[in-house]
Amino acid sequence: MNKKELWLNIANYHFDNLVPTHFWDEIIAKFGGQSPFTKAFADKLCRKFNWKKQFAMKAIWEYKKFVYLGVISDCGVTPSKIIDQVWHEHLLFSVGYRNFCKNIIEYDFDHNPELVSINSQTETFQSQYFYTIDLYKKEFGLEPPEEIWDATKFQGNAAGIKKPKKNKLVSTVYGTDDNSETLISFFPSVESHDVEFGGGEFGGGGATASWGFDSDDSSDSDDGGSDGGTSCSSSCGSGCGGGD
């Protein structure tokens, strides 16, 4: 599976495996239109974090990008607070999340939160966070949206931050030799970048965010929930750490 195939798998994943099939008709009737299960997941985020619907859909779209980065990276990646909250909610559906890892990304995308605050571990997460932002820009050819990516416990900027140590081989994930190419190289036109990565529809694969929106239901939110940041990392399925 090359990068384009991986991204399209993730972009076209609509969270339907989070819902038992005998509830599908009710979800479709309630949310309707395209991607009712993504909308149902977004609705859960809205109720839990007091987010607006469009913001929740955009956060889900950016979470998909984060997952992509975690799979293709040879280092651990660390999310923003908003994306970490989406990740936590996805993980709660343990069967669906395992299915997502097995059948959609074909990779055990593990979650490794900070148990206690340890300076060396916090520095690792900080390094991984800035590395993740840099990788985002390279792979998608876009600046990560501030309202989703800037909320973090980490201060300062990427200057002087060392790249995290490698903790996995990309080739073991793909079994291909084309992963030196960035994702944007598979979508050569600027227009295709906007369509595939910009998230104008905030859902991928034709999904829309516009179900029952109020006229002022924009992408703004009240900071995406509780104070504080994220201290979480991804790792390979064997449990190797976040760059220590």
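Only the coordinates and a few stated rules stand behind these numbers; no lab work does. On a predicted model such as this, the values are computed, not experimentally measured, just so you know. Reconstructed Cβ throughout: ideal geometry from the backbone, glycine too, with neighbour counts over all protein chains shown.
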Compute the convex hull volume of the Cα atoms of region 1-96, divide it by the residue count, and report the result per residue in Å³ as a whole number.
110 Å³
On a full-extension model of 0.36 nm per residue, what is the gain between Val95 and Ile28, subtracting their alpha-carbon distance, rounded to one decimal in nm?
22.0 nm
Protection proxy ranking of 84-97, 127-140 - average other beta-carbon atoms within 10 Å, highest first
127-140, 84-97
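Expressed in nm to one decimal, what extension gain is obtained for the pair Arg47 and Ser185 from 0.36 nm per residue of sequence separation less their Cα-Cα distance?
Values: separation 138, 0.36 × 138 = 49.68 nm, distance 3.82 nm.
Once the chain is fully extended between Arg47 and Ser185, it gains 45.9 nm.
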